[in-house]
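First comes the structure, then the notes that go with it.
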Amino acid sequence: GAVVSQHPSWVICKSGTSVKIECRSLDFQATTMFWYRQFPKQSLMLMATSNEGSKATYEQGVEKDKFLINHASLTLSTLTVTSAHPEDSSFYICSARSGSPTFNSPLHFGNGTRLTVT
Amino acid sequence: AQSVTQLGSHVSVSEGALVLLRCNYSSSVPPYLFWYVQYPNQGLQLLLKYTSAATLVKGINGFEAEFKKSETSFHLTKPSAHMSDAAEYFCAVSVGGSQGNLIFGKGTKLSVKP
């Protein structure tokens, strides 16, 4: 079945540095990728939706200059947390949809990245 | 290692009929289990969660799920389907406790026929 590889699975960084998280679709073309952040009590917040070759669509309240999303190819999307702060520590997970970005396209999840900012 | 299996990638029911979406888990420790729903053109929403309290968990929109340890299951049900329930449903297990990383199943698309 389709696999989405998210890397790294965990990362610790110092405050003020930037961290890049990769989300790759291994055996399908991901026309649309979603980036989520986990909040307390397991709620997942959609941060942004990215379509290959175009700018990501950010959800209200998400700082696009802080969370840079690039979807340069049909198999790779990256999320860069710039100038990370301890409050950015969280679990980030991507998901990818193949085919047309509609309800009928399968959605596959990465295994997530646990970010800890010290 | 924890894992989640959702049986049936696509379920179709008639409006007013019972909804049953199946989820089985594998976990070496007491699991925390969740159901998420994704409506078309929206992000994931938490439907309900099991965190070792009551085994029958009630969620939003009339959904509920029952944790059955003997069957390693956490099936999602709703007595009477509504057209607005058409969505994609994901079962997930938490790795490492209530605030742990989430591992998702492959999802089940629910279609509701008039």
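The values are calculated or read from the model by the stated rules, or taken from the named source; none is laboratory data. Everything quoted here is computed from the prediction, not taken from an experiment. Cβ: placed from backbone, ideal geometry, glycine included. Neighbour counts: every protein chain shown. Surface accessibility is based on the protein's heavy atoms, side chains included, excluding ligands, DNA and RNA. Shrake-Rupley method; radii C 1.70, N 1.55, O 1.52, S 1.80 Å.
Where in segment B:5-67 are there strands (runs of 3 or more DSSP E), lying wholly inside it, with at least 2 residues that are within 17 Å of B:THR77 (Cβ to Cβ), open to solvent by less than 60 Å² (accessible area, probe 1.4 Å) and modelled with pLDDT of 90 or more? Can you show your working first?
Numbers: elements: B:10-14, B:19-26, B:32-38, B:44-50, B:56-58.
Where strands (runs of 3 or more DSSP E) fall fully within segment B:5-67 and carry at least 2 residues being within 17 Å of B:THR77 (Cβ to Cβ), open to solvent by less than 60 Å² (accessible area, probe 1.4 Å) and modelled with pLDDT of 90 or more, they are B:10-14, B:19-26, B:32-38, B:44-50.
Return the residues of segment B:68-114 that are touching a Leu at 6+ places or on another chain (Cβ under 7 Å), open to solvent by 10 Å² or more (accessible area, probe 1.4 Å) and not in a loop (DSSP other than H, G, I, E, B); say none if nothing qualifies.
Answer for segment B:68-114, where residues must be touching a Leu at 6+ places or on another chain (Cβ under 7 Å), open to solvent by 10 Å² or more (accessible area, probe 1.4 Å) and not in a loop (DSSP other than H, G, I, E, B): B:HIS75, B:THR77.
Of all residues in segment A:60-72, which are surrounded by fewer than 16 Cβ atoms within 10 Å (Cβ to Cβ) and either within 12 Å of chain B (Cβ to nearest Cβ) or modelled with pLDDT of 90 or more (or both)?
Restricting attention to segment A:60-72, the residues satisfying the condition of being surrounded by fewer than 16 Cβ atoms within 10 Å (Cβ to Cβ) are A:60-61, A:63-66, A:70, A:72.
Correct list: A:GLN60, A:GLY61, A:GLU63, A:LYS64, A:ASP65, A:LYS66, A:ASN70.
Mind checking which residues of segment A:24-38 are open to solvent by 10 Å² or more (accessible area, probe 1.4 Å) and either on the phi > 0 side of the Ramachandran plot or in contact (Cβ under 8 Å) with a residue 40 or more places away in the chain (or both)? Step through it out loud before you land on a result.
Residues of segment A:24-38 that are open to solvent by 10 Å² or more (accessible area, probe 1.4 Å), as a first pass: A:24, A:26-29, A:31, A:34, A:37-38.
Within segment A:24-38, A:ARG24, A:LEU26, A:PHE28, A:GLN29, A:THR31, A:PHE34, A:ARG37, A:GLN38 qualify.
Only one residue in A:SER95, A:SER50 is out of contact with any Ser or Thr (no Cβ under 7 Å at 6 or more places or on another chain), of a type outside the set (D, E, K, R), within 14 Å of another protein chain (Cβ to nearest Cβ) and open to solvent by less than 50 Å² (accessible area, probe 1.4 Å). Which one? Quick ask: steps written out before the conclusion?
Details: A:SER50 fails: out of contact with any Ser or Thr (no Cβ under 7 Å at 6 or more places or on another chain).
Among A:SER95, A:SER50, only A:SER95 is out of contact with any Ser or Thr (no Cβ under 7 Å at 6 or more places or on another chain), of a type outside the set (D, E, K, R), within 14 Å of another protein chain (Cβ to nearest Cβ) and open to solvent by less than 50 Å² (accessible area, probe 1.4 Å).
Would you say B:ALA1 is of a type in the set (Gly, Ala, Ser) and open to solvent by 70 Å² or more (accessible area, probe 1.4 Å)?
Details: of a type in the set (Gly, Ala, Ser): yes; open to solvent by 70 Å² or more (accessible area, probe 1.4 Å): yes.
Yes.
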